[in-house]
1. Among the residues of segment 1-35, which ones are of a type in the set (S, T, N, Q), within 23 Å of residue 126 (Cβ to Cβ) and either in contact with a helix residue (DSSP H, G or I) (Cβ under 6 Å, 6 or more places away or on another chain) or exposed (fewer than 10 other Cβ atoms within 10 Å of the Cβ) (or both)?
2. Report whether or not residue 176 is in a helix (DSSP H, G or I), within 17 Å of the chain's Cα centre (by Cα), in contact (Cβ under 8 Å) with a residue 40 or more places away in the chain and farther than 17 Å from residue 98 by Cβ.
3. Of the conditions (1) aromatic (Phe, Trp, Tyr); (2) closer than 20 Å to residue 157 by Cβ; (3) surrounded by fewer than 18 Cβ atoms within 10 Å (Cβ to Cβ), residue 58 clears all except one; give me its number.
4. Looking at (1) crowded, with 24+ Cβ neighbours inside 10 Å; (2) modelled with pLDDT under 95, can you tell me which one residue 184 breaks?
5. Within segment 125-137, identify whether any single residue is within 12 Å of the chain's Cα centre (by Cα) and in a loop (DSSP other than H, G, I, E, B), and answer yes or no.
6. Show the residue pairs meeting these rules: Cβ distance below 7 Å; 6+ apart or different chains; first residue within segment 22-38 and under 11 Å from residue 187 (Cα atoms) and assigned to a helix (DSSP H, G or I); second residue of a type in the set (Gly, Ala, Ser) and at pLDDT 95 or above.
7. Does segment 67-111 hold any residues that are surrounded by 14 or more Cβ atoms within 10 Å (Cβ to Cβ) and on the phi > 0 side of the Ramachandran plot, and which are they?
8. Return a yes/no flag: does segment 137-144 have any residue that is touching a helix residue (DSSP H, G or I) at 6+ places or on another chain (Cβ under 9 Å) and without any contact (Cβ under 8 Å) to a residue 40 or more places away in the chain.
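The values are calculated or read from the model by the stated rules, or taken from the named source; none is laboratory data. Because the structure is a prediction, the values reported are computed rather than measured. Cβ atoms come from the backbone with ideal geometry, glycine included; neighbour counts cover every protein chain shown.
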Amino acid sequence: MHNTSLIKRILMLIILCILLVTVCYYFLDRPIADFNYQHHLNHWLILKYFTGVALACFYLSPFLIIYLVLKKILGYSLTPWQTCLLLASICTMITYSIKDILKFVFGRYWPSTWTNNNPSWLSNHAYGFHFFHLGSWYQSFPSGHTTIIVTFMSVIGLQYPKLRLLVFIPCLLVIIGLLAMNYHFLSDIIAGAFLGFISAYIAVQYSKTV
């Protein structure tokens, strides 16, 4: 793909992400958090376990990288599927670091209080962005779990179009779990999803030119 065309598509995705995040920030984030809290969705432990799918991909990625790189170094060829998993794992680890930088840049309060007595919307109506703030209080945006699962699964889905419906399922499970447990606002999840997909899209397009 031509570099200009790639840049245009990425810019369009970023603009769309900004628009969706803005709408959610002003109109959807707080009502959804209130609804989940009032209906005690956080008592459904199975929804909490949904978020573990993202952690599985995250912890698996370094082992896949080590194993597949060593295999390549030792002179063994990688199958197309192994090459895809290697790309997904590397992309996931890199994007995870980018996510941490963005959390510092945006410095957003969490929807609920669950770590170090953090200010939150549900506890004391603390809401908003506090740009360039460090600390666990300010790490809601973008969602790391969403970033991880969408990055990993998007690489697979882009490489193997027939699997797109299948890889969408774990992404959906993680998103449902994050929302229901009030771990993240909807806009946090949207931002994480766009970050993950854009990173995967760039990685897959670049891999085709190598």
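1. Of everything in segment 1-35, nothing turns out to be of a type in the set (S, T, N, Q), within 23 Å of residue 126 (Cβ to Cβ) and either in contact with a helix residue (DSSP H, G or I) (Cβ under 6 Å, 6 or more places away or on another chain) or exposed (fewer than 10 other Cβ atoms within 10 Å of the Cβ) (or both).
2. On the way: in a helix (DSSP H, G or I): yes; within 17 Å of the chain's Cα centre (by Cα): yes; in contact (Cβ under 8 Å) with a residue 40 or more places away in the chain: yes; farther than 17 Å from residue 98 by Cβ: yes.
Yes; evaluated as a whole, the condition is true for this residue.
3. (3)
4. Every listed condition holds for residue 184 apart from (2).
5. Within segment 125-137, the first condition is being within 12 Å of the chain's Cα centre (by Cα), and the residues that meet it are none.
Taking every residue of segment 125-137 in turn, none turns out to be within 12 Å of the chain's Cα centre (by Cα) and in a loop (DSSP other than H, G, I, E, B).
6. 24/187; 25/187; 29/187
7. 107
8. Within segment 137-144, the subset touching a helix residue (DSSP H, G or I) at 6+ places or on another chain (Cβ under 9 Å) is 138-144.
With without any contact (Cβ under 8 Å) to a residue 40 or more places away in the chain added as a condition, the list becomes 138-139.
Checked against the condition, which is being touching a helix residue (DSSP H, G or I) at 6+ places or on another chain (Cβ under 9 Å) and without any contact (Cβ under 8 Å) to a residue 40 or more places away in the chain, segment 137-144 yields at least one hit.
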